[in-house]
1. What's the number of the only condition in (1) surrounded by fewer than 17 Cβ atoms within 10 Å (Cβ to Cβ); (2) over 23 Å from the mean Cα position of the chain (by Cα); (3) in contact (Cβ under 8 Å) with a residue 60 or more places away in the chain that THR432 fails to meet?
2. Quick check on my filter: what residues within the range 275-295 are assigned to a loop (DSSP other than H, G, I, E, B) and either hydroxyl-bearing (Ser, Thr, Tyr) or open to solvent by less than 10 Å² (accessible area, probe 1.4 Å) (or both)?
3. Hey, ASP173 hits all of (1) more than 30 Å from ALA628 (Cα to Cα); (2) over 21 Å from the mean Cα position of the chain (by Cα) but one; which does it fall short on?
4. Do we find a residue being modelled with pLDDT of 95 or more, of a type outside the set (A, V, I, L, M) and under 26 Å from ALA303 (Cβ atoms) anywhere in the range 745-754?
5. List every residue pair whose Cβ atoms sit under 7 Å apart, with the two residues 6 or more apart in sequence or on different chains, where the first one lies in the range 215-244 and is on the phi > 0 side of the Ramachandran plot and the second, anywhere, is assigned to a loop (DSSP other than H, G, I, E, B) and crowded, with 16+ Cβ neighbours inside 10 Å.
6. Which is modelled with pLDDT of 90 or more, out of contact with any Ser or Thr (no Cβ under 6 Å at 6 or more places or on another chain) and either more than 30 Å from PRO687 (Cβ to Cβ) or not β-branched (Val, Ile, Thr) (or both), of LEU121, LEU73?
7. Looking only at residues that are of a type in the set (A, V, I, L, M) and within 22 Å of the chain's Cα centre (by Cα) in the range 46-87, which one is surrounded by the most Cβ atoms within 10 Å (Cβ to Cβ)?
8. Tell me the helices (runs of 4 or more DSSP H) entirely within the range 194-274 that contain at least 1 residues that are among the basic types (Lys, Arg), open to solvent by 10 Å² or more (accessible area, probe 1.4 Å) and under 28 Å from ALA285 (Cα atoms).
Amino acid sequence: MRGPKRKPNAQQENCITAVTGTPQLIVAGPGSGKTTVLVLRALRHVLVDEIPPENIVITTFTRKAAKEIRTRLIEWGQPIIAEALAEKASKLTAKYRAFLESVDINRFLTGTLDSLCEEILADERGPNERQPTVIEAFAANQMLSRRGDIWAESEKLGDKFKDYLSRYTLTGDPPLTLGDMTRVVRTLVDRFIQDEVDIKKYIGPGQFLPARKAVANIFERYCKYLAETNQMDFAVLERVFTQRIESDAIPEKLVKLRAILIDEYQDTNPLQERIYLSLAKASKASVTVVGDDDQSLYRFRGATIELFRDFVKRAQVALGGPKPDIRYLVANYRSTPAIVEFFNAFVRNDPDFVPARIHPPKPSIAHTQPHNGIPVLGMFRDSAEELAHDLAEFLHKVFRAGGRPADKQIPEPIRANEKDGDLGDAVLLASTVNEFKRPFMGQPAKPRFPTFLRDEMQNRGMACFNPRGRALRDIPEVQLLLGLVLEAIDPSTATAPDGVVIPGMAVTNIARQAFRAWRASARNFTNSKPKKVNGIAFGGVLDRWQMLTRDGKSAATEWPVLDVFYSFLPWVARFQNDPECQVYLEAISRSAAQAATFSAYRSLLLRDNPHRQRSIQGVVRDVLAPVADDLIEVDEDIMPSVPRDRFNLMTIHQAKGLEFPLVIVDVASDFSTNHAKQRFRRFPDKPSAVAVMEDDLAAATPIGSLRTPRTALQRSFEDIIRLYYVSYSRPQNILMLVGCIPSLRYKTTIKNVATFWTAGQNWTWRKTPPVRPPPTLADNLPITLL
């Protein structure tokens, strides 16, 4: 029988077997087996409480996690039921036997909350009710930008609009592109819905009134367009679902609901909490929530850590009945003792963080794995270039040259697993994995540490996997492919200086610059006289599309624009054999497919005029311009499994829920000076954009008073602590911190939460007062430097 790798420990067993009638809050530390507990508690509801799986809802934060839970339910549940029916037949009552025989494990309602809302609403339509279309983030941002007229509001208000939005950008700088503006407005728009913001109070008299009115107008136009076209983004979907539940129109699928299990509750937003508690109240279902306030990372998406911290009080008020139980999972089955001790020390380091954590205070995480003789490591160098060189050399030794031998510093060798170890067992985690800094004052973008590392890895015959390292529009292969598409569908502008001159075509200057760069790439490629591929001539493919789009010569009356994209792929080989380029292609393809939900010509090219030229214009405006304006991003949901033969670079947010044998955390590769523009990432001297937004909306939302007892600056520090706590708890065997040496100097001015600085400006890594004249480096380092 397949089942958990180990028998549940006492803490896990208490969580699994806890009384059904009392709500349960399970605080699950890193590596403590929370998914195992969630799955086994769901199966306990079936096997002990005799609740059919179709009456049990399990929600997760990501689709990947939902898939993992469904897999475990089936792999563990079906053998358990089969064994009970086969081996204990004589002990089963006829009624219980009949129940077990009727159980269908596949009928658990599992998924993200959004996917479940979508599925249930689709099944609950009235006889004349159209099924709404739920749009992905790709299309939602395009609709918000276009139908909300963000660019028009920006042009009308000028600096007043951009200065207001700058309050909510990471660096505090005004957004430079339409994509930047849309991302800020999207955050506000989602908050309006998720936080149930009173728009009149939001606009209300005060500073930034014209800009606030502009955002409110954008929101109104966007929502109106969605309603008119019967479409929903995920925030609107959750609002509609809430309204359905609270109007006593419980969806039929949930009428007999008897158990609700919620994963990653610390990242729940107020509207989602309202759904959960409304469902539980209406159905009197058992409620189990699992999470860890120390691992909350999504405040910028509306996650409200206080909902988890105060769950016991809030659930009792909302549901009545018994006071919820709080239980802890603290036995770590992932990491070595050295790593566990390190992240325990980190999360306890700042006394000002204590009031922000759940109460009563949670126990320290306890290690269960054996010592492997390897301490927490550090690699710090004078520059990002030198660091990239030495880190690539280290990785080459470990994965390609038989391993790093033991020495006086590290008494055990570091080598890949002899059976199937490869670069995919290692990851670099960072707050950002951007490969280039943003261009400034017309200067070209400067490379960052990830670029240097990629180059050094390639010099040693190794590859990186970092599909979120650059904007899609700036990737050479994407530029070539989209340039070829432009040349194919808009040949009349072959000599046009501004990239596209279709009559009536309105695009931003940023988009025009991108179009010019794309066309230049395509023309250079065309002039290189590409060879035939599989007997097909490149020139013939290009001519065929140009005859259609210029002259209307085609047997078919319409063509999907994706056919144009795919026809050029044979000449851009990396789209066929490179994992990063395959992610880029998937992002572009999804964007084109989603554009069909709102584009007038549904992403089609039409043969006959006047529609031929209009359809071309629609493709340029709705498919290509969003990429050029940096509206299309690589979403986590489209990224495949980690390639085994590549070294992974991930944001710490991406790594949530993952684990790796070797985790390298970039804590200071950008920090060689105490630059003011970098402080928000390491030791903020003013509140973060997210905290500022929470304060700005507090008076207009019911949840405001719950968020603001801690100051905005305190919340900014807390977010950084949680970010690095997650990163330090990802490794199984080895944790390494990397950065630039100035961050470790005894008298450094480069304060950094990641290196154990507290908000009170105390530094644990430095003895105070020093016992000897200050050395070059801090004298209390808990890491072994390589």
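The values are calculated or read from the model by the stated rules, or taken from the named source; none is laboratory data. What you are looking at is a predicted structure, and each value in this text was computed from that prediction instead of being measured. All Cβ positions, glycine included, derive from the backbone under ideal geometry; neighbour counts span all protein chains shown. Heads up: the accessible areas ignore ligands, DNA and RNA and are worked out on the full protein's heavy atoms, side chains in. Shrake-Rupley method; radii C 1.70, N 1.55, O 1.52, S 1.80 Å.
1. Only one criterion is unmet by THR432, namely (2).
2. Kept after step one, since they are assigned to a loop (DSSP other than H, G, I, E, B), are these residues of the range 275-295: 284-285, 292.
Scanning the range 275-295 gives a single hit, ASP292.
3. Tallying (1) more than 30 Å from ALA628 (Cα to Cα); (2) over 21 Å from the mean Cα position of the chain (by Cα), ASP173 fails exactly one: (1).
4. Applying the first criterion (modelled with pLDDT of 95 or more) to the range 745-754 yields 750-754.
Now restrict to residues that are of a type outside the set (A, V, I, L, M): 751-752.
If we keep only those that are under 26 Å from ALA303 (Cβ atoms) as well, we get 752.
Yes, there is a match, as at least one residue in the range 745-754 is modelled with pLDDT of 95 or more, of a type outside the set (A, V, I, L, M) and under 26 Å from ALA303 (Cβ atoms).
5. ASN230/PRO132
6. Values: LEU121 fails: modelled with pLDDT of 90 or more.
So the residue among LEU121, LEU73 that is modelled with pLDDT of 90 or more, out of contact with any Ser or Thr (no Cβ under 6 Å at 6 or more places or on another chain) and either more than 30 Å from PRO687 (Cβ to Cβ) or not β-branched (Val, Ile, Thr) (or both) is LEU73.
7. Going residue by residue through the range 46-87, those that are of a type in the set (A, V, I, L, M) are 46-48, 51, 56-58, 65-66, 69, 73-74, 80-82, 84-86.
Still in the running and within 22 Å of the chain's Cα centre (by Cα): 58, 65-66, 69.
Working: ILE58: 25, ALA65: 20, ALA66: 19, ILE69: 21.
Result: ILE58.
8. Values: elements: 199-203, 209-228, 234-246.
Those helices (runs of 4 or more DSSP H) span 234-246.
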